[in-house]
Amino acid sequence: MEVFTKGIDRLPERPCGGAVDRGLAADALPSARKAEERGRLNTHGDGDFLFACYVRTADSAISGEARTGGGTEADWREAHRSDLEEGAVAVSEGGVQALALPTVAWVYVPCTPRRFTEKTKRPRSLTVEARTIGETRLHGDALRRVVLDFAYQLARHSYEAGECQEQRTFPEELPRTGSEQVPNSPQPQGDVTSMAWDEWEQLKASAADKDAARMQLNGLPPEDRPNAGSASGGFLKVDQQDLAAIGDEAFKLYNRLWKEARVTSTDAAGSDLSSQGFALGGALQHVSTRWDKQLGSVMDACALISNHMDFTKNAHAGDEIFIERHVSGIQTLDSGFDEDWAGHGKPNPVYAEKKDKKD
């Protein structure tokens, strides 16, 4: 049975340009008055691409990014070794590899974009990372399955949108993950996120109750702090221009990283040195692989910030319109019940008969 939230059921049946099933977002995110979705494909000059997708309510989101780059399956698994140690579930089907924790999932698919022009012998791949942000409707294995399905559907859509050269028939879905825990992997104990948040709230409450005269480390006097306000009455104010500027800067940084931070010459040099028997060739290729992965993480973060700032800007504008309409409606309603609206002895104009408009 599919259960849609109040806001999400107004979204397209397949958000992000048909990339994912709306029901996944409805299962993952709590009920909300409104929701927004967006998908964007960025193709670079050499043929590599990034596809970003999110579905958001006011306080929660499920989002993901699919990007192409260099790297083998072994490189991908090595990069996620720590996730396996934390209890990530590993599944595979039809040449598609996937890992999933309760709130984040990764997918690996060999993929050489059709427009890819860079001359290198390194295998190309499509990798996806999806996650939930904020509160969620589901938890544990149920949430893990939803996030994994979201990542997998994003991979399938991006594979076709990016025109990967390899011919591949994707299975309808990946295997179930409930009992497929990786052997000898430590099991997470309890809801770590909930425990950490509760502890943080307790620490804040404890700090607020302490006497004002206490030792501070690496602190500035209140008069020297920029934008300092009182602990009990401070307000954070952000206008539309601030949000738009943050999103624009994140997008500009993403493009600059792609153009200026990539190091492609080491691929050919490493291959040539390895073919001649030099150990330095393998070292260069290893450094290049690690650099690409770290660069990809930073670029994914920039894309995530840019997309979420766009949503936040639109969400705040919608909130203002909603509040304005309701306040004006309440004022009209109040006038109908206010006997003093027109003064003593005078009829309330709200109840006056409406005159027919003359042609």
Any chance E78 is under 17 Å from the mean Cα position of the chain (by Cα) and not β-branched (V, I, T): no
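Could you say which residue among T43, T68, T72 is at pLDDT 90 or above, under 27 Å from E166 (Cα atoms) and not acidic (D, E)? If you could, list the steps in order and put the result at the bottom.
Values: T43 fails: at pLDDT 90 or above; T72 fails: at pLDDT 90 or above.
Criteria check complete, one pass: T68.
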Residue list for segment 129-156, filter: in contact with a helix residue (DSSP H, G or I) (Cβ under 7 Å, 6 or more places away or on another chain) and of a type outside the set (A, V, I, L, M, F, W, C): E129, R131, T132, T136, R137, D149
Single match in G94, G70 (criterion: out of contact with any helix residue (DSSP H, G or I) (no Cβ under 9 Å at 6 or more places or on another chain), touching a residue at least 40 places away in the same chain (Cβ under 8 Å) and either more than 27 Å from G140 (Cα to Cα) or surrounded by fewer than 22 Cβ atoms within 10 Å (Cβ to Cβ) (or both)): G94
In segment 79-91, residue surrounded by the most Cβ atoms within 10 Å (Cβ to Cβ) [restricted to those that are touching a strand residue (DSSP E or B) at 6+ places or on another chain (Cβ under 8 Å) and in contact (Cβ under 8 Å) with a residue 24 or more places away in the chain]: V89
Contacts under 6 angstrom Cβ, first residue in segment 33-46 being closer than 16 Å to T68 by Cβ, partner at pLDDT 85 or above and of a type in the set (A, V, I, L, M), 6 or more apart: R40/A52; L41/A161; N42/L50
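Those residues that are without any contact (Cβ under 8 Å) to a residue 60 or more places away in the chain and surrounded by 16 or more Cβ atoms within 10 Å (Cβ to Cβ), I need them from segment 271-293; list them, please.
Taking segment 271-293 as the starting set, the residues that turn out to be without any contact (Cβ under 8 Å) to a residue 60 or more places away in the chain are 272-284, 286-287, 290-291.
The answer is L273, S274, G281, L284.
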So F4, is it aromatic (F, W, Y) and modelled with pLDDT under 90: yes
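Kindly provide the set of residues from segment 13-35 that are closer than 17 Å to F51 by Cα and either assigned to a loop (DSSP other than H, G, I, E, B) or among the acidic types (D, E) (or both), ordered by number. Full working, then the answer.
Residues of segment 13-35 closer than 17 Å to F51 by Cα: 14-21.
Within segment 13-35, R14, A19, V20, D21 qualify.
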Checklist (1) of a type in the set (A, V, I, L, M, F, W, C); (2) modelled with pLDDT under 75; (3) surrounded by 14 or more Cβ atoms within 10 Å (Cβ to Cβ) applied to A228, failing item: (3)
Matching residues, segment 131-173, being surrounded by fewer than 22 Cβ atoms within 10 Å (Cβ to Cβ), of a type in the set (S, T, N, Q) and more than 19 Å from L50 (Cβ to Cβ): T136, Q167, T169
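The values are calculated or read from the model by the stated rules, or taken from the named source; none is laboratory data. Model, not experiment: these values are computed from the prediction. In this analysis, Cβ positions are derived from the backbone assuming ideal geometry, glycine residues included, and neighbour counts consider all displayed protein chains.
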